[in-house]
Structure formats: structure tokens, C-alpha cells
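Below you'll find the structure, written out as C-alpha cells, and then a few comments.
Since every read-out is calculated from the coordinates, none of them should be taken as a lab result. Please read all numbers here as calculations on a predicted model, not as lab measurements. For neighbour counting, all protein chains shown are included, and Cβ atoms are generated from backbone atoms with ideal geometry for every residue, glycine included.
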Amino acid sequence: MIAKMKTITVIGLNSDRKEVMELLQKSSSVEFTETEKDDGLNSIDVSDRIMQFERYLTATEQALSILEEFVPKKTGLFSVRKPASSAKYSMKPDEAKTMGDLVLKIINAQKKMVENKAEIGRLNGKIAAIMPWKALDVPSNFGGTDKTETALYFLPGEHNEQEISEILGDTESKLYYEIVSADKDATRVFFLFLKKDKEDAERALRESGFIPPTFGLSSKTPNKKISQIKETIKELENDIKQQQAFILNSAKRREEIELFYDHLVLRRDKYQDLEKLKKTDTTFILNGYVPEYRASHIEKLLTKHTSAYVEFGDIPDDEEAPVLFRNNGFSKPVEGITSTYSMPGKTDIDPNGIMAFFYYLFFGMMFSDAGYGLLLALGAGYLGFFAKAEASTKNSMRMFCYCGISTTFWGFMYGSFFGNAIPVVGNLFFGADWVLKPIWLDPVQEPLMLLIFSIGIGLLQIIIGLILKFYVLWRSGEKLSALFDVGFWLLVLTGISVLALGLVTGGIVTTIGTYMAITGAVGLVLTQGRSSKNIIGKLFGGILSLYDITSYVSDALSYSRLMALGLATGVIAQVINTMGSLAGGGPVGAILFIVVFVAGHAMNFAINCLGAYVHTNRLQYVEFFSKFYEGGGRAFTPLKMNTKYFEFTEE
């Protein structure tokens, strides 16, 4: 069902504002709305604070990501928030500052490590550039004497003195040179020439293909420069180790940082709703929505701990209230399926109760193996009812548990337990004639009967969808639309269903179905063109409306997937068992059977479970919801303890 909503107005002193906000946040029961502008009331501008919280949240998330990179956190299959006393709900300013400083230090440490590693890479590149000049016994920026100058050049490729002499040609007489090193990449040369010949010498060297080195010249010899760079690299490596040690040590305070993150989220959310309040110099007023069943609790909570005045009211007819589901344990697990599609609109009813029955039914018919169903029911049941998990996870697992129970039921109805594993194992390894007879029918032997049943059960869901549409229209005052647009189609479809049943059973059932279908069709012809202004338009509009029967037939045929997927699951399972039994009995055959059985059925389980889930959703969204459900509603989003790492409790 959909919880009835009330409006809530809270008026209090500014001195109570903080406590009121925290009480409402802990209760998770009130959705704040913008308070209408009024004389004497001012908005509370907290945009700067919200931006500050956002910055700290981003930084804290980054710091936690850094810790996770260095010290991965061990987690189970499903993450569960750690319990924390409500006394930790608010951090003291000095505690928050300490954690904020720690977060920034972690980020800076990681940043420093990245910068140091980049610098080490640059310095190693510099060493690689200088290393070929290591044999040079003078500083690389040695300028020469009063009358001479020096220069370093390299020539691509490996060359000896004779080759260089030939390359220099007549210029050689003006130069003194020594080969510092030579390899296949380049030949590196130290040149000495008179200052008066500098311009001619440099031009001649460039024209001969000589190139100046790419590294910066130094006042130290290349060998000493390399040693100096290596010392710098060592210092940077030591600094990296120190920063890494700091991060590893900070990982011991991960829970404190996570608590700080949740603290920031709670404060940001509170300040975001604080912007919706209005105030005077001494008082404040807030408006919002609250579920009716929580109204009394909220009133007692606020009046007990504060001097605030609380007032509740009915929601105006022209106002769209937020939607909150309140269902029992059977239908609550499928609320996520509905909300994923769309929340109910203003005139909608809660579809979860009726949908849950069909959802579990259809999933079981499509998965349709008792062995698979037991595995799904036991695994999902443990996670949904006994394991520690978040509420949303538990709901999903409970849904699959119920789907598993339905699958087990239909598996026995079809006589499928890991396909035909029971007779295969009995015959192959024990020489026994074990049989698991279907309680109802064997889909492989009687696919037509299963197809008829699948379409019939689908037609039933379509008819129920139309009944719900009739109820929605009638409740909203559109009684003629309910009778003419839905009622007559109900007669047609129900009549066709009864007629089809009569073809099997015979007797008066056939006559009843025929008259129902004809009455409905005549009613549609007479009423569906009522919006036209002339008699011809009214007549043709009514006649053409009968064409919509093709849409209903198409929808009904869509339910043939109940037969198709159910048949596929069983047939694939039988093929797997046949493949596993190819080696016969005996030890080798047993090993092969076990390997093929486990691998094959695991794959079949995964593929067909996913297929059943997808197609069950499709039948609800496309075939069922389209008959009565408008959607477009807005989910109830109260101010709450929207934490990520800790769950605050009163204990």
C-alpha cells in the first residue's frame, strides 16, 4: 500500500533550530519543502557552508581512495555499515579540524610521492644523456682560456678520428678535438678553437652535421654531475619512503576518516535542507511532508526535547505528495522493481501486492528447475533473512528467495531436478531405474499444453490489469470511462477466455463466453466513438476500436516466453547430463560427469536465472503496468542519516 502523507509545519526558536534539525534527521521521517515567502521571514543562506562541506567530502573521498590503494580493505560479498553509537553523530570542532588536517596530509603525501617519482624519472633521463660524456675530465661548461674557447658536439653514428677529419675537411686546421665516446647512436667530441675563429668554427661544425648536446651544461665534470644527480635521486627515494610510511600509518585511522566522511555527509544534507527554512530574528519555520503513521511520533519527539510547535494538515487535492511504499514481507521485496520503472502517480494504486504474486510465479515458470530453485532459495534466503546486509540488499535477496521457492515448485511440477539428473545418475552409476515423475506435465513431451497454460495465465494478468484500471478510473470519478473504455474490454477478453475454456469443457460455458464477448464488442462499437460530433464518426470510431483486439492478442502471446524459457532451462540441463554421461560409469566416468555437471549446470543456472529475471521484469513493465499504471510520481526523500560507512544507533 501507499502510505498516507500529511503536511507538517514546525515553528520554533532559533536556539532550538539545531536540535530540531538533528532530531528530524535521526527520525528519517520528514521531507522538507520550500517555505512560501512571507513578510518578515528571511531565507537562511548557507551556500558557502555547503560548498565547504562538498570540498571536504571530495578531499576525504580522495584520501580514502589513497588508503585503499596502499592498504586494500577486506570486505565480504556485501558491504555492511558498521554500527556506531548516536553519541558519535556529531564531531566536536577540534576533532573535525584534526581529521580535516589528516585528510589533507594524506593527499599531500600522495601528491609529493607522484611529484618525486616524476622528478626521479626526469633525473634518470638526465643521467642517461650525460653518461656518454662521462670520460670528459673537464666541466661541461668549461669556457676555455683567455684566447681559446671549447664546445661539445655529437655527430650521429659511430665515427673514428680519420672519418671526423675527412668530415671537417679544411676546417680541421682551425680546431683541436678529442673523441669522448662513440657508439652506433652517436660520436661525442670535445672541440677547442681560438676565440677569433669561433664564428667560422661553429658554422663549419653545424654545416658538417655536428649537433650540440641536449642536456644543460654544468660547472662540474660529467662524472661528478652524475654522482650529484644520483644523490638527489636517493634523497627523493627516501622522501617517497617517508611519505609512503605516513600513508601506511594513516591507514590505521581509516575508521576515523570514514566517520569524518559520514559526519560531513550528514552536515551537508542538514544544511541543504536548512536552506528551505525561513526565519525571523528569534524564530524559524519549516514545512514538509511526513507519513501519517509517523506524525504522532514526530510530534512527541519534538515537543519532548524542544519548545517547538508542531502542526499537521491534509495535503490539498491539487498538490502532488511524495510517495512512500508500506508493504508486508511478501510484496516489499519487489518495491525496487516498481520504483525502477516509476513511482505511482497521484491517481495510481500501489501495484506491488498484486505484482509480487505474478512476479514470483512467472520467474519460477521460466527458471523451472527444482535443483536450481533450491540453490537459489537457500542461498538468497540466507543472505536475505540471516546474513548481515543492508536493507536494500536484504530486500533483493528475499525477492530471489521467493523466486527460488517458486522455481522449486514449478521444477517438481515439470519433473525437473537438475534436468533429468536423477534417472541419469541412477542408471549410469547404480544400474537402478530412478524416476522423478512430473506432478503436472513434462514440458518436453507436452509443450502445446504448457503454451496454452502460459498464454492463459498471461491473459489472466492482463484482465487483472484492466480491473485495476477500472477501479482507478471509478475511484477518480471517471465512471463512464471506467464502464465504456475498460468495462466492455473486460467483457470481451473475459468472454473470449470463457469461450476458449468452453471449447475444452463444452456445455453452457461456450454459450456464456460467446454472449459476454459479443456484448462487450457491441458496447465498444456504441461507445468508443462518443467523442466524435457526427453519427458517422461515432459509428466508425466504435468499429475501429475493435482493432485494438490485436494489441491484446499480441500482449497475451508475449507470455509464450513462460513456456519457451522454461522449456529451454530443462532441455539444456538434460543436454548437460547427457554430455557428462558420455564416458559411462566407473571412476573415469564419475569424474567426467562431476566436472561437466558442475560446470554445465553453473553456466545454465547463471544464464537462465538472468533470463528469467529480465523477462519477468519485461512482462510486468510492458504487458501489466501498461494496462493501469500511469507512474510519474516522486519518491519520498526525507532528511535522514544517509551514511556510507556507519549506521548510527541509539544504543
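Structure values in brief
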| item | result |
| --- | --- |
| Violating pairs (Cα-Cα greater than 31 angstrom) within the set LYS241/LYS270; LYS82/LYS346; LYS73/LYS230; LYS26/LYS279; LYS111/LYS225; LYS300/LYS644 | LYS241/LYS270; LYS82/LYS346; LYS73/LYS230 |
| Electrostatic dipole magnitude of segment 332-628 [Cβ: Lys, Arg +1; Asp, Glu -1; Cα centre; debye, to 20] | 720 |
| Using θ = phi - 60° and Karplus 6.51 cos²θ - 1.76 cosθ + 1.60, couplings along segment 619-635 (whole Hz; Gly, Pro as x) | 4, 6, 5, 8, 8, 8, 4, 5, 7, 8, 9, 8, x, x, x, 10, 5 |
| Close Lys-Lys pairs in segment 141-212, where close means Cα under 22 Å and separation is 8 or more or interchain | 7 |
| Entry for Cα extents along the principal axes in Å (calculated from the structure that is shown) out of (1) 88, 64, 48; (2) 88, 65, 54; (3) 128, 87, 65 | (3) |
| Selection from THR505, LEU466, THR408, by position along the positive dipole direction of segment 394-553 (Cβ) | LEU466 |
| Quarter of the Cα convex hull surface for segment 197-258, i.e. its orientation-mean projected area (nm²) | 8.1 |
| Inverse of mean 1/r across different Cα pairs in segment 141-212, Kirkwood, Å | 12.2 |
| For segment 332-628, alpha-carbon Rg over 2.2 N^0.38 Å | 1.22 |
| Fewest-first sequence of VAL525, VAL553, VAL486 by Cβ atoms within 10 Å of each Cβ | VAL553, VAL525, VAL486 |
| Size of electric dipole in the chain: Cβ of Lys, Arg +1 and of Asp, Glu -1, about Cα centre, debye, nearest 20 | 1200 |
| For segment 578-637, fraction of C-alpha pairs farther apart than 15 Å, in % | 69 |
| Amide H contacts of GLU275 (H built 1.01 Å from N, under 5 Å, at least 5 apart or other chain) | none |
| Amide hydrogen neighbours beyond the local backbone of LYS6, cut-off 5 Å, H modeled | VAL290, GLU292 |
| In order through segment 548-558: 3J(HN,Hα) via Karplus (6.51 cos²θ - 1.76 cosθ + 1.60), integer Hz, x for Gly, Pro | 5, 4, 5, 5, 5, 5, 4, 4, 5, 5, 4 |
| Lys, Arg +1 and Asp, Glu -1 on Cβ, resulting dipole of segment 141-212 about Cα centre, debye, nearest 20 | 300 |
| Per-residue HN-Hα couplings for segment 143-158 [Karplus 6.51, -1.76, 1.60; θ = phi - 60°; Hz; x = Gly/Pro] | x, x, 10, 4, 10, 10, 9, 10, 7, 10, 9, 10, 10, x, x, 9 |
